[in-house]
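> There's a structure below that I have some questions on.
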Amino acid sequence: MTPSKPAVQLIDRFGRKVDYLRISITDRCDFRCVYCMAEDMTFLPRAQILTLEEIYTLAKAFAELGVKKIRVTGGEPLVRKGALELLQKIGSIDGLNELAITTNGSQLEAMAASLKEAGVKRINISLDTLDADKFKAITRTGDLQKVLNGIQAARSAGFEGIKINAVILKNRNHLEVNDLVQFAVNNGIDISFIEEMPLGIVNQHDRSEAYYSSDLIKADLARNFSLLVSAEKTGGPSNYFRISGSQTRVGFISPHSENFCSTCNRVRLTVEGRLLLCLGNEHSVDLKKVMRANPGDMAVLKQAIIEAMLIKPEKHEFNIHEQPVILRYMNMTGG
Ligand code: SAM
Ligand code: SF4
């Protein structure tokens with residue numbers, strides 16, 4: 001009897017298995033968060049971005065190469081026309097265990113139930129403050145109440161996991177970390193605090209002055225909550241703590257104070273079809289070019305993805321005290 005062929009897997013030069021893909025389905029957004037974008041952004045012309053069909057083909061190719069989890073993000077993924085249908089199609093790909101999205105929550109009130117029906121299991125919602133004026137100042141255009149309504153709609157829809165993402169900046173929202181955790185506890189959801197990353201040039205603050213480390217946040221939280229160290233990992237860079245007496249997990253994504261690259265299991269696809277091998281490096285492969293030069297040829301596309309693993313860098317090198325070396329913004333990156 002011939003042994004069955006082992007499933008193809010994506011393994012990089014450092015022996016890390018890549019089984020998680022994040023796809024940015026649009027660079028556009030209805031917000032202009034101060035850490036993510038410049039106020040005056042120009043977005044990509046349509047011809048330069050992947051069609052929904054191309055995104056689906058890429059998702060399928062990755063799933064056939066052993067990717068188990070896909071997170072759809074942006075820009076704001078839910079402002080792209082056809083996002084729901086795309087999610088539905090991705091959700092039905094064989095072999096995928098988990099479809100997740102990251103959203104700013106602005107469209108969730110209307111869309112949460114349909115997203116659940118489309119097969120989305122987990123949802124991350126960005127929320128940096130519970131103060132409506134500060135929310136407007138940070139997002140430049142956002143309406144806090146809409147997002148809060150969106151979070152309640154997501155809770156009613158019954159996702160397997162809902163998590164708040166909060167980027168904490170000194171003197172902007174660092175005094176709110178306890179309120180944000182209390183909000184998560186009250187709503188029975190998780191929360192992750194993210195250190196700002198130097199992606200693209202922002203003009204409203206100096207990133208090194210705004211840096212507020214995960215350790216400072218933990219010390220602030222320790223005054224109100226009992227944080228229990230948790231060994232749980234969700235396949236991401238977060239280190240988790242449990243809040244004693246609640247279901248809430250508090251995660252810390254600390255690209256500066258704690259390098260998480262050794263366990264990196266992910267790659268990112270930009271809406272231009274560029275496969276980014278690392279958040280903090282420019283190493284990439286143009287999969288749109290491969291696809292458009294070889295229409296319908298899944299084997300060629302899969303080979304290009306396998307070969308891309310050879311240039312996945314060992315780790316990111318962020319230095320918030322210098323001008324960013326990565327000129328692409330987070331909305332282009334698929335954060
Ligand atoms: N628009 C959606 C949202 O805001 O959730 C999805 C895309 S957004 C780029 C994904 C996540 O990246 C958000 O949680 C946002 O707060 C975070 N983010 C954006 N720019 C960042 C930066 N420079 N450093 C760290 N996190 C950033
Ligand atoms: Fe838009 Fe998300 Fe970037 Fe804010 S963080 S500008 S909501 S893409």
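The values are calculated or read from the model by the stated rules, or taken from the named source; none is laboratory data. The structure presented is a predicted model; accordingly, all values stated were derived computationally and were not measured. Note that each Cβ is placed from the backbone with ideal geometry, even for glycine, and that neighbours are counted across all protein chains shown.
> Mind checking which pairs have a first residue in the range 31-44 that is under 15 Å from residue 206 (Cα atoms) and a second that is away from ligand 1 (no atom under 13 Å from the Cβ) and of a type in the set (A, V, I, L, M), Cβ under 9 Å, 6 or more apart or different chains?
Every condition considered, the pairs that remain are 34/137.
> Consider the range 183-205. How many of its residues are farther than 22 Å from residue 280 by Cα, crowded, with 16+ Cβ neighbours inside 10 Å and more than 14 Å from the chain's Cα centre (by Cα)?
Step one: list which residues in the range 183-205 are farther than 22 Å from residue 280 by Cα, which gives 183-191.
Still in the list and also crowded, with 16+ Cβ neighbours inside 10 Å: 183-185, 187, 189-191.
Checking which are more than 14 Å from the chain's Cα centre (by Cα) leaves us with 183-185, 187, 189-190.
Within the range 183-205, residues that are farther than 22 Å from residue 280 by Cα, crowded, with 16+ Cβ neighbours inside 10 Å and more than 14 Å from the chain's Cα centre (by Cα) number 6.
> Restricting to the range 38-74, name every residue that is more than 25 Å from residue 162 (Cα to Cα), of a type in the set (A, V, I, L, M) and within 16 Å of ligand 2 (Cβ to nearest atom).
Residues satisfying the conditions are 38, 41, 44, 49.
> Okay, moving on. I need the full set of residues from the range 241-259 which are at pLDDT below 90 and in a strand (DSSP E or B), in order please.
253
One line per residue, one yes/no per condition, for (1) within 28 Å of residue 222 (Cβ to Cβ); (2) within 15 Å of ligand 1 (Cβ to nearest atom):
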residue	(1), (2)
92	no, no
96	no, no
104	no, yes
111	no, yes
134	yes, yes
164	yes, yes
179	yes, no
182	yes, no
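> Which one of 133, 128 is assigned to a loop (DSSP other than H, G, I, E, B) and either in contact with a helix residue (DSSP H, G or I) (Cβ under 8 Å, 6 or more places away or on another chain) or away from ligand 2 (no atom under 13 Å from the Cβ) (or both)?
Numbers: 133 fails: assigned to a loop (DSSP other than H, G, I, E, B).
Among 133, 128, only 128 is assigned to a loop (DSSP other than H, G, I, E, B) and either in contact with a helix residue (DSSP H, G or I) (Cβ under 8 Å, 6 or more places away or on another chain) or away from ligand 2 (no atom under 13 Å from the Cβ) (or both).
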